[in-house]
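Q: Starting off with a structure, shown below.
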Number of protein chains: 2
Amino acid sequence: MAISAALKLPSSSSPTSTFSNPKNPPLKTIIRCRCNSSLPLKTLTTEPHPTFTSVRTFAPATVANLGPGFDFLGCAVDGLGDHVTLAVDPQVHPGHLSIHQITNSANNSVNKKLSTNPNFNCAGIAALAVMKMLDIRSVGLSLSLEKGLPLGSGLGSSAASAAAAAVAVNELFGGHLTVSDLVLAGLESESRVSGYHADNVAPSIMGGFVLIRSYDPLELIELKFPDDKDLFFVLVNPDFEAPTKKMRAALPAEVSMSHHVWNCSQAGALVASVLQGDLRGLGTALSSDRIVEPKRAPLIPGMEAVKKAAIEAGAFGCTISGSGPTAVAIIDSEERGREIGDRMVEAFMREGKLKATAMVRSLDRVGARLVSGIPL
Amino acid sequence: MAISAALKLPSSSSPTSTFSNPKNPPLKTIIRCRCNSSLPLKTLTTEPHPTFTSVRTFAPATVANLGPGFDFLGCAVDGLGDHVTLAVDPQVHPGHLSIHQITNSANNSVNKKLSTNPNFNCAGIAALAVMKMLDIRSVGLSLSLEKGLPLGSGLGSSAASAAAAAVAVNELFGGHLTVSDLVLAGLESESRVSGYHADNVAPSIMGGFVLIRSYDPLELIELKFPDDKDLFFVLVNPDFEAPTKKMRAALPAEVSMSHHVWNCSQAGALVASVLQGDLRGLGTALSSDRIVEPKRAPLIPGMEAVKKAAIEAGAFGCTISGSGPTAVAIIDSEERGREIGDRMVEAFMREGKLKATAMVRSLDRVGARLVSGIPL
């Protein structure tokens, strides 16, 4: 039985909720916690009992880096992401987790690329981290993952899986953990698959824009984009593989002082634009990276032309999403976003000889959430 | 006769006003203008007539850099700054400017360090730039400057003189110029005496916190610190000369990628903290510069100990103001600010063998202003 009665309905089509447990405090502007401590972080004196036999969660895709926000800024994207279904399973050894299946949402096919060994799967690692935090020893769990995001697209695919899984375990056991705990669990997963970076997993869990101020201790700053403003992301994903490691190797070891000052000022302008709801300023700052994008864009065929096409078509700004290959442009209207997307797809084909697909998405202001649950 | 009837009275003890002319628009969040165009920027079709025979203006001191805000962020400090008195003077050749006298506010003595040749004086250069913008050909002006700020203290002394002078000329002729024009005039002055940097002159003119997003075109972002929050600066000025050129030469030509990312994230956190009114976050970010402060602090005897003493005494953060030698700490209470200042002064003496003076000032939210005027 779905617990739709207790649920809030955001813009996504599925019934959804924010974290439902009153012990889980509302998101604060600044969230601080230790992250150099070894897991588990004991937050309960006794092992919690499950409050659901099964839960279904969703975690959104994310755009990290955002140009001059390289490695410390990310935001969540509405209506695109991964689902996790998690159930109490008497057939699984108590305290253990089994991955039942991994499917691709697009065609409901079995995903054969990802491991079903929980220790080698983003969702599995995050789920196990939360189980460890909660000290789950008496119940075995079975997890199914539905990938709504392509791998290696630069839209935080691994982070969305980790976020959905972390929230699923937490919700199944009554939602005792804080947002910081959940980000730490996600970070545990991210560090094993793509590096110790929270700029995807933090916004996937928290929604909106999130700035990672520090890792030791972990300090996250929620940057609230005004509710009364529209912000659309034009996401154009070419048929091209841009492995994170290769894209990271393209980075310079050192940057000139003048480029440093420039990018710092753009990072400041980016943050100000988000908080002030200044979309044009956001676009300008997003487009102004002189350090990372100039090194990475040439590795993605057509990217420079795609950016040019987006701006010429009226986008306020355009850059590489995460480490690519997806290009992200921003605009204030869904319809104009579609037109911009068409021009970007054309540019990928014309200049990069790459097929690409475009979609227009708004900002996800909610983050990872409980979709439904069957109470015990 | 002072025009106190038309004046607003902010926190300063003198009767003051914001820019009084309706043609001078209120400060906008983002101010854009070209700055690569050669002066004069024609904003009027005919030469304006003076509306006052004499005006008196004030422009506040400023704290630039603010740690990770190096070279693009600054803020104005209340109750400390320079005054300019500007009069229509029939004895001065029409279209020309004469500097009548320069005095030190502290003891009303004549200042002998600064040139009274308008072409070699911060106030003179800015006043002439505004006269050129307004195309003043028919009236001669006489300017007196009262320095309330010590030179080379790192508190934007030259910028305050330039700002007070630029605003004086503009107000005398009816306030036709925009804030951007005034910043450009101030920048003309700054570029001749301390480099092409607007991070002192823009906040001195505009008040509050100002982010310089770009110079070409000039784009300034006003970062509004919430009105309902108290912010105090503890400014500790040691008896030591830290020439801007020497402090600039101490900067590294290149920075490591990891330091770049760190400082960028702190710059973002600094901007977020200002806009969100998060004083602790502001202090933490202010204190977290890993690029500039570590190179400059060792050049100011005792600075590292002063910072440590400030933090130990409860300051939320501490860094070098501008290029020094003044140390700036921030706190939310004037009384605690005085205690922190005492500890900082002690540390300068103990570790740097330097005499120092401390003062506690709040944020100036107004910027350069008309204090009084004698109408024609």
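Q: What does the convex hull of the alpha-carbon atoms of chain B project to on average, in nm²?
A: Its average projected convex-hull area is 17.5 nm².
Q: So for the protein assembly as shown, taking the charge dipole from beta-carbon charges (+1 Lys/Arg, -1 Asp/Glu), which of B:M349, A:C75, A:I125 sits furthest toward the positive end?
A: About the Cα centre, the residue reaching furthest to the positive side is B:M349.
Q: When the Karplus curve 6.51 cos²θ - 1.76 cosθ + 1.60 is applied with θ = phi - 60°, which whole-Hz ³J(HN,Hα) does each residue of the stretch B:294-310 get, with x for Gly and Pro?
A: Using θ = phi - 60°, the values come out as x, 7, 8, 4, x, 7, 10, x, x, 4, 4, 5, 5, 4, 4, 4, 4 Hz.
Q: Using a 1.4 angstrom probe on the protein heavy atoms only, line up A:E219, A:E188, B:E304, B:E312 by accessible area, largest first.
A: Descending order: B:E312, B:E304, A:E188, A:E219.
Q: If I build a Gaussian network model for chain A, linking alpha-carbon pairs within less than 10 angstrom, which residue out of A:S214, A:S323, A:S258 has the largest mean-square fluctuation?
A: With Cα springs under 10 Å in chain A, the top fluctuation among A:S214, A:S323, A:S258 is at A:S258.
Q: Still on this structure: 5 Å is the cut-off here: which amide hydrogens, built 1.01 Å from N in the peptide plane, fall below it relative to B:T357, excluding neighbours closer than 5 in sequence?
A: Answer set, sorted by chain and number: B:N237.
Q: How would you rank A:95-105, B:266-276, highest first, on the average number of other Cβ atoms within 10 Å across their residues?
A: Answer by packing, highest mean first, reads B:266-276, A:95-105.
Q: Additional query: Given the pairs B:K295/B:K353; A:K112/A:K307; A:K229/B:K224; B:K307/B:K355; A:K224/B:K308, which span a C-alpha to C-alpha distance of over 24 angstrom in this model?
A: The pairs that break the limit, which is 24 Å between Cα atoms, are A:K112/A:K307; A:K224/B:K308.
Q: If you count only protein heavy atoms and use a 1.4 Å probe, how large is the accessible surface of B:Y196, to the nearest 10 Å²?
A: B:Y196 has an accessible surface of roughly 100 Å² with all protein chains in place.
Q: If you don't mind, another one. Looking at chain B as a GNM with Cα springs under 10 Å, which of B:G174, B:G322, B:G208 has the largest mean-square fluctuation?
A: Largest GNM mean-square fluctuation: B:G174.
Q: What base-10 log of the normalised intensity I(q)/I(0) is obtained for the stretch B:66-128 from the Debye formula, alpha carbons as equal point scatterers, at q = 0.11, 0.14, 0.18, 0.25 Å⁻¹?
A: With one equal scatterer per Cα and no solvent, log10 I(q)/I(0) is -0.39, -0.59, -0.84, -1.13.
Q: Residue by residue through the stretch B:78-86, which ³J(HN,Hα) values in whole Hz follow from phi under the Karplus form 6.51 cos²θ - 1.76 cosθ + 1.60 (θ = phi - 60°), with glycine and proline marked x?
A: Karplus values, whole Hz, x for Gly and Pro: 6, x, 9, x, 10, 10, 10, 10, 10.
Q: In addition: Would you kindly give the portion of the calculated P(r) for the stretch A:232-362 that falls above 26 Å, as a percent of all Cα pairs?
A: Of all Cα-Cα pairs in the stretch A:232-362, 20 percent lie more than 26 Å apart.
Q: Moving to a separate point now. Near the amide H of A:H100, under 5 Å away, which other amide H atoms are found, from residues 5 or more places off or on another chain, if H is placed in the peptide plane?
A: A:L143, A:S144
Q: So which residue, out of A:P203, A:P150, A:P217, gets the largest mean-square fluctuation from a GNM of chain A using Cα contacts under 10 Å as springs?
A: A:P217
Q: Something else now. Would you pull out the residues with amide H under 5 Å of B:R365's amide H, same chain only if 5 or more places away, H placed 1.01 Å from N?
A: Amide H to amide H, under 5 Å and 5 or more residues apart or across chains, B:R365 pairs with B:G208.
Q: Counting partner chain Cβ atoms within 10 Å of every residue's Cβ in B:270-279, what's the average?
A: Mean inter-chain Cβ contacts per residue within 10 Å come to 6.
Q: Got the relative contact order for chain A handy, in percent, Cα pairs under 8 Å and 6 or more residues apart?
A: In percent, rounded to a whole number, it is 26.
Q: Given a 1.4 Å probe, how much area per residue of chain B is accessible, in Å²?
A: 38 Å²
Q: Can you work out the Karplus-derived ³J(HN,Hα) for every residue in the stretch B:110-121? Use 6.51 cos²θ - 1.76 cosθ + 1.60 with θ = phi - 60°, whole Hz, and x for glycine or proline.
A: Each residue of the stretch B:110-121 in turn: 6, 8, 9, 7, 8, 6, 9, 7, x, 6, 10, 10 Hz.
Q: Now, a different point. Can you give the log10 of the normalised intensity I(q)/I(0) at q = 0.05, 0.07, 0.10, 0.11 Å⁻¹, computed with Debye over equal Cα scatterers of the protein assembly as shown?
A: -0.29, -0.55, -0.98, -1.11
Q: Find, among the trypsin sites (Lys or Arg not before Pro) in the stretch A:315-376, those assigned to loop by DSSP (not H, G, I, E, B) with at most 15 other beta-carbon atoms within 10 angstrom.
A: Hits after loop and neighbour filter: A:K353, A:K355.
Q: Considering every residue in B:217-227, what mean count of other chain Cβ atoms within 10 Å of its Cβ is obtained?
A: Counting Cβ atoms of other protein chains within 10 Å of each residue's Cβ and averaging gives 2.
Q: Sorted by average packing, counted as other Cβ atoms within 10 angstrom per residue and highest first, what order do A:79-85, B:86-92 take?
A: Going by the mean number of other Cβ atoms within 10 Å, highest first, we get A:79-85, B:86-92.
Q: Per-residue mean of other chain beta-carbon atoms within 10 angstrom of the beta-carbon, peptide B:251-263?
A: Counting other chains' Cβ atoms within 10 Å and averaging over B:251-263 gives 6.
Q: Hey, what's the per residue convex hull volume over the C-alpha atoms of the stretch B:110-187, in cubic angstrom?
A: It is 93 Å³ per residue.
Q: Shifting gears a bit: Any idea what the dipole of the protein assembly as shown comes to, in debye rounded to 20, about its Cα centre with Lys/Arg Cβ at +1 and Asp/Glu Cβ at -1?
A: Taking the Cα centre of the protein assembly as shown as origin, the dipole is about 700 debye.
The values are calculated or read from the model by the stated rules, or taken from the named source; none is laboratory data. Computed from a predicted model, the values in this text were never measured in an experiment. Because the Cβ atoms are built from the backbone with ideal geometry, glycine has one as well, and the counts that use them run over all protein chains shown. Side chains included, ligands, DNA and RNA excluded: accessible areas come from the protein's heavy atoms. Shrake-Rupley method; radii C 1.70, N 1.55, O 1.52, S 1.80 Å.
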